[in-house]
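> The structure follows.
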Amino acid sequence: MTGLRLTPLTGRNLAALLGCLAASAANGAITCNVTVSAMSVVYDPTVATTNVTTGNWTISCNRLATDPGTFDWALGANAGTNPGGGYNRATLAGGTYRYRLYRNAPYNNANRWRDTRRTRIAGTMVFGASLTATDSGSFDLVVPALQTVRPAGTYSDVVSVFLRNARTGAVINTTTFGVSIITTNACQISVPPGDVNFTYTSLQLSSSAASTLFGVRCTTALPYSMALDATSSTLLGLNYTLALSAISGTGNGVTQTYAINGGIAGSQAGTCATAVCTGSQTRTLTVTY
């Protein structure tokens, strides 16, 4: 199995990196740390499509050998620093755009992500024989369509997240993450590409193909281009190629889907000296606007 990892970057010829804030606290002998990705959303209030962006959280815990092998946790989020009308609100110079956080779809009240017993994300950390364990998952930030058009700019909010002992409700860790709703001309990779995974047998006659999809969301009428840092290379002695399904587009305020298509030509021996070999390389996808 030959794998290829892709790192998405977006910006005006620069990479925009998501950051996360974290703190740590203890609950008895078990200590935990939670991180949540900062959220950056490109939003066009004139488009009649709900804007959905996915974020990620990670919980890492440590225990002593004398502690239980499992830990029941619950993760809750507040309404940010500027709540109003049942929504979180990102602000700029007195103007606001509304949004909500959801644990998953469908986006109804039953699936809201808040900090109450019924609306927290919950799970069980399983250590097994290890003294460390990690859980991770995702959530969705939803910006309603057709909100009142405000002056162009970056609207901001800060959300607090609380990691609790699910059995007692006690807070054992807190963190915050930033929310930016961008209404100036901008693009984002709203759906990151997955891995391009090839399966290849030495000296096979036919070629091997693999692909992955990704999504780009840009403000309306904004032209943009897309490129990979390399369209060919060698992995485990096998020459492979990559190609984008399109190299440019024009934003319409919603996610536009593209593909990265890869191939390995037949009749290549490669350099694998055992029954099965695996290898990986990282490629970079850049969106320029």
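> Taking R0 as 35 Å, what FRET efficiency do you get between residue 124 and residue 78 from their Cβ-Cβ distance, rounded to the nearest 0.05?
For residue 124 and residue 78, the calculated efficiency is 0.90.
> Hey, any idea what Rg/Rh is for the chain, computing Rh the Kirkwood way over Cα pairs?
Answer for the chain: 1.04.
> Same structure again: Once phi is turned into ³J(HN,Hα) by the Karplus curve 6.51 cos²θ - 1.76 cosθ + 1.60 with θ = phi - 60°, what whole-Hz value does each residue of segment 221-237 show in order, with x for glycine and proline?
6, 8, x, 8, 10, 10, 7, 9, 5, 7, 10, 7, 6, 10, 9, 6, x
> Give the residue from 207, 66, 159 lying farthest towards the positive end of the charge dipole for the chain; charges sit on Cβ (+1 for Lys and Arg, -1 for Asp and Glu) and the dipole is referred to the Cα centre.
159
> Rounded to a whole number of µm²/s, how large is the Stokes-Einstein D of segment 189-288 at 10 °C and 1.306 mPa s, given Rh as the Kirkwood radius over C-alpha pairs?
107 µm²/s
> If you don't mind, another one. How many nm is it between the label spots at residue 138 and residue 65, if each spot is 7 Å from the Cα in line with the beta carbon?
4.0 nm
> Something else: Gaussian network model of the chain, Cα springs within a sub-10 Å range: biggest mean-square fluctuation belongs to which of 181, 247, 260?
In the Gaussian network model the winner is 247.
> Restricting to the chain, compute how many DSSP beta bridges are antiparallel as a %, nearest 5.
85 percent
> Fewest Cβ neighbours within 10 Å first, please rank 127, 214 accordingly.
127, 214
> A further question follows. Could you work out how far the C-alpha centroid of segment 245-289 sits from that of segment 206-236, in angstrom?
6 Å
> For segment 83-129, what ratio Rg/Rh do Cα atoms give with a Kirkwood hydrodynamic radius?
Value, to two decimals: 1.18.
> Considering the Cα trace of segment 134-268, what is its radius of gyration and what is Dmax, both in angstroms?
Gyration radius and largest Cα-Cα distance of segment 134-268: 21.3, 62 Å.
> Applying 1/(1 + (r/R0)^6) with R0 = 25 Å to the Cβ-Cβ distance of residue 204 and residue 229, what FRET efficiency is obtained, to the nearest 0.05?
Efficiency at R0 = 25 Å is approximately 0.35.
> Using a 10 angstrom cutoff on alpha carbons, build the Gaussian network for the chain and name the most mobile of 213, 235, 141.
235
> While we're on this one: Using a Gaussian network model of the chain with C-alpha springs under 10 Å, which one of 197, 109, 261 is most mobile by mean-square fluctuation?
109
All of the numbers you see were taken from the coordinates with simple rules; none came from a lab. The shown structure was predicted, so the numbers you read here are calculated from the model rather than taken from an experiment. FYI the Cβ positions are ideal-geometry reconstructions off the backbone, even for glycines, and counts take in every protein chain you see.
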